[in-house]
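The values are calculated or read from the model by the stated rules, or taken from the named source; none is laboratory data. Note that the structure is a prediction, hence the values are computed from the model and not measured. We place every Cβ from the backbone using ideal geometry, glycine too, and count neighbours over all the protein chains shown.
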Amino acid sequence: MTKDSFQDKVAVITGGAHGIGRCIAEEFTKEGAAVAVIDCVPGEHFVGDIADKTVLEAFAQDVIRHFDRVDVLVNNAPPLFKGLDECTYEEFQRSLAIGVTAPFYLAKLFAPYFGEGASIINISSSRDRMSQPQTESYTAAKGGIAALTHALAVTLAGKVRVNSISPGWIDTAYTVYHGPDAVQQPAGRVGNPMDIANMVLFLASDKAGFITGENICIDGGMTRQMIYHGDCGWTLQH
């Protein structure tokens, strides 16, 4: 991105007070955008639980009152990470509320206010296509937002481009890994938040003007790597 390439643009980011979301917010700020963040952790941003319909409505009203429009909506807030054995009915519902319902409802609330060339970027996960045991609440929500992406892209055709990103292993502390953790990745390293933020800014820019309804997996190639017992040193242990 060139300096101030998002000058006078308004970027809205859920879960933007920490981790990947914070990195995205900081990069948009560096590029000249006005940034509105909602997160459940205390801070100078809008504090609230996006699983709550009234909180989403209050946040949307606050954004429009301050900025009049939205140019970029990044749905980043993470759902709960629980599996079949421990996840209750209520927790599973909450996970879907955070990971799927909130992105849908924010798109609905902001629909009349999106600026020309606006973009929605949903943060899914490589778990939208692969799983570990006991990850149902998170995986279902991430699969849902990936599918919601192309549905919104078709509905908002000609008005808003909608894409999603599926991160793999992203270390939000920027830890540099060595040995098997790094070598197992075809890219040779574990990812960091800038790997995701760079793609978010690209997808939000005019350079991605012909990209919509797409899901881009940023995982160092892990989901493309076939693994068989006894192959390349891989072993299965029960």
If we scan region 65-74, do we find a residue that is modelled with pLDDT of 95 or more, under 25 Å from MET199 (Cβ atoms) and among the aromatic types (Phe, Trp, Tyr)? yes
Of all residues being among the polar types (S, T, N, Q) and part of a strand (DSSP E or B) in region 134-167, which is farthest from the chain's Cα centre (by Cα)? Just the residue, please. ASN163
Some residue of region 104-124 being at positive phi and out of contact with any His (no Cβ under 9 Å at 6 or more places or on another chain): yes
Quick one: in region 78-102, which of the residues that are within 18 Å of the chain's Cα centre (by Cα) and hydroxyl-bearing (Ser, Thr, Tyr) is surrounded by the fewest Cβ atoms within 10 Å (Cβ to Cβ)? THR101
The listed residue being touching a Leu at 6+ places or on another chain (Cβ under 8 Å), charged (D, E, K, R) and assigned to a helix (DSSP H, G or I), out of ARG65, ARG94, ARG22: ARG94
Among the residues of region 103-138, which ones are farther than 14 Å from THR14 by Cα, polar (S, T, N, Q) and either surrounded by fewer than 22 Cβ atoms within 10 Å (Cβ to Cβ) or touching a Pro at 6+ places or on another chain (Cβ under 8 Å) (or both)? SER125, SER126, SER131, GLN132, GLN134, THR135, SER137
Yes or no: ASP71 in contact with a strand residue (DSSP E or B) (Cβ under 7 Å, 6 or more places away or on another chain) and either crowded, with 21+ Cβ neighbours inside 10 Å or among the aliphatic types (A, V, I, L, M) (or both)? yes
Looking at VAL100, is it aliphatic (A, V, I, L, M) and in contact with a helix residue (DSSP H, G or I) (Cβ under 6 Å, 6 or more places away or on another chain)? yes
Looking only at region 170-185, which residues are in contact with a helix residue (DSSP H, G or I) (Cβ under 7 Å, 6 or more places away or on another chain) and of a type outside the set (A, V, I, L, M)? THR172, GLN185
